[in-house]
Amino acid sequence: MNPSREITLRVNGNTVRAVCETRTTLLDFLRDHAGLTGTHAGCEHGVCGACTVQLDGASVRACLLFAAQVGEGQITTVEGLAPPGAMTDLQQAFRRHHALQCGFCTPGMLMTADALLRETPHPDEAAVRAALSGNLCRCTGYQPIIEAVLDCAEARGARS
Amino acid sequence: MAAMAFMHYLPNGKVCTIPVMKPAPLDILPATSVAHALSLLGEHGDQARLIAGGQSLMPILAMRLAAPAILIDINGIADLRGIRLEADGSVLIGALTRHRDLERSPLLAERLPLIAAAMPWIAHVQIRNRGTLGGSLSHADPAAELPALCIALCATIELHSPRGVRQIAADDFFQGVFATARADDELLTAVRVPATTPAQRWAFIELARRHGDFALCGIALTADCSPTGAVTQARIVVFGVSDCPRRLPHLESAIVGSAPSPASIDQAMQSLDTVEARSDHHASSEYRLELLATLARRALRQAFGFDERTAP
């Protein structure tokens, strides 16, 4: 019997409890045990950024963290950005700018960009490019994604 | 929901009830103190590996390059986190201090601007949010920035073991690819960086194909100067080129003794050390050596104010 344990995590404001093998990554816990398949499994060794979620508001790779290590930390996934059926202004900007094609990288992009804009509300283009450098996209060529993030930041600035 | 989790649909149409896992089976033992971590290390020996931020170890586990039965998780040891100014002006950085904390520390920005300038070059933000100083030093990737910074800043590395505490100069800590002076029963607990003078010049440059990728070549340098501007001591460290960060002693000697000028830097470059350069699918050894010569010269020009560029 492989080492297993009961793990309780706080995900998107809910409590998720599951018995799983200790070697379960946060990524697999979210997808297989919490039923939150919005977080995508890409390379599963920290290169592609598709599995990016937020741990206490900071972007992290869910494949490079064991679920058993999260403890009291608050996890936010792409499902936690907006209520079901709704979109945040960042998500709407992605749609407006055609910042996705196949959509595989999009949850990771959104979680990284969301954390960026909270920390740096008015990033310049270089800062957006640097922040998103750890998220690979094979469809868009990145330009629409950068534009979406900058547009969202600008619109927030105009509103406030 | 949990039961569903164990069902995977295989390409042949069958349902697999065993989850597909990247790492081999393992147990995680949280350590609550340095003494506890050392006792767990002693108890489990080579069955166990220490895990801090895990940003290098997790890929190793995922690819099963290592399959320890036990991970000793030191993330909960609060004593090992933090950046502190000591009475003698040195800066003590706990091994569990995350890269992002180094990046955003006002104390480091003021006291050790070389570290502050280099931090954004380390991996990507998601990695920096988890990765730790001690983890990077213990892992000793040849292309890692922090080992080179520690050497350039004359840092001392603190190791705890059941035999006591020892301090080792960063110069002597890195021994090769993923190889350090840390013994199996030792825990890297802190790094002490001596006080720097306002007269210290510094530069940091690296080149990677994409921001955040492993450096093909990088230079970290510090130079102490006399009131007249003459260089009294220099530490010029190259990383990403050889098996571990290497000082360039001939170049250092060539720059010491007078106040540098653009011409004297060009002259000093004639003394550039011979370095054994790695060759891999990212870059040939010849290319890395070309980069070394270009970036070392540029770093010297930057350090002494002859080049305004901050990035290669």
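Annotations
- Peptides B:49-57, A:24-32 ordered by average Cβ neighbours within 10 Å, highest first: A:24-32, B:49-57
- Note on A:HIS45 and B:SER261: the model spin-label points, each 7 Å out from Cα along the C-beta direction, lie 5.3 nm apart.
- Taking Lys and Arg as +1 and Asp and Glu as -1, the other residues whose beta-carbon sits under 9 Å from that of A:HIS97 total 0.
- Taking amide H atoms as placed 1.01 Å from N in the peptide plane, the amide H of B:THR180 lies under 5 Å from those of B:GLN175, each 5 or more residues away in sequence or on another chain.
- Using R0 = 25 Å, the C-beta based FRET efficiency linking B:ASP184 and B:ASP79 works out to 0.70.
- The loop-placed GluC sites (Glu not before Pro) in the range A:1-100, going by DSSP, that have at most 11 neighbouring Cβ atoms within 10 Å of their Cβ come out as A:GLU72.
- In order along the range A:18-34, the phi-based Karplus estimate (6.51 cos²θ - 1.76 cosθ + 1.60, θ = phi - 60°) of 3J(HN,Hα) comes to 8, 8, 8, 5, 4, 7, 5, 6, 4, 4, 5, 4, 5, 6, 8, 9, 8 Hz; Gly and Pro are listed as x.
- FRET efficiency for the B:ASP280 to A:CYS102 pair, using the beta carbon distance and R₀ = 25 Å, is estimated at 0.25.
- Site pair B:ASP46 and B:SER90 shows an inter-label distance of 3.4 nm when each label is modelled 7 Å from Cα along Cα→Cβ.
- Averaged over the residues of peptide A:33-45, the number of Cβ atoms from other protein chains lying within 10 Å of each residue's Cβ is 2.
- Farthest toward the positive end of the dipole of the protein assembly as shown, out of B:GLN302, B:SER161, B:ALA230, is the Cα of B:GLN302, where the dipole comes from beta carbon charges about the Cα centre.
- Between helix B:34-44 and chain B: long-axis angle, C-alpha atoms, 0 to 90°, nearest 10: 60
- C-alpha long axis of helix B:285-303 to longest principal axis of chain B, angle in °: 60
- Using only side-chain charges placed at the Cβ, +1 for Lys and Arg and -1 for Asp and Glu, the dipole size of the range B:201-303 relative to its Cα centre rounds to 260 debye.
- Student exercise, the range A:4-80 dipole from Lys, Arg, Asp, Glu Cβ charges, in Debye to nearest 20: 20
- Computed about its Cα centre, the charge dipole of the protein assembly as shown is approximately 680 debye, with only Lys, Arg, Asp and Glu carrying charge at their Cβ.
- For A:SER133, the shell of other residues with beta-carbons less than 12 Å away shows a net charge of +3, using +1 for Lys and Arg and -1 for Asp and Glu.
- Estimated 222 nm signal from helices in chain A, with DSSP H stretches of n ≥ 4 weighted -39500 (n - 2.57), rounded to 500: -9000 deg cm²/dmol
- Peptides B:102-110, B:120-128, A:126-134, B:273-281 ranked from most to least packed give B:120-128, A:126-134, B:102-110, B:273-281, packing being the mean of other C-beta atoms within 10 angstrom over each peptide's residues.
- Burial ordering of A:VAL53, A:VAL19, fewest other beta-carbon atoms within 10 Å first: A:VAL19, A:VAL53
- Around B:ALA78: net Lys/Arg minus Asp/Glu count, Cβ-Cβ under 15 Å: -1
- Percent RCO, i.e. relative contact order, over chain B, from Cα pairs under 8 Å lying at least 6 residues apart: 13
- Shape index of the range B:21-73: Rg/Rh, with Rg the Cα radius of gyration and Rh the Kirkwood radius from the inverse mean 1/r over Cα pairs, equals 0.97.
Throughout, read-outs are computed from the coordinates displayed, never taken from laboratory work. Remember, predicted model here, so these are calculated numbers, not experimental data. So basically every Cβ, Gly included, is an ideal-geometry build from the backbone, and we count neighbours across all protein chains shown.
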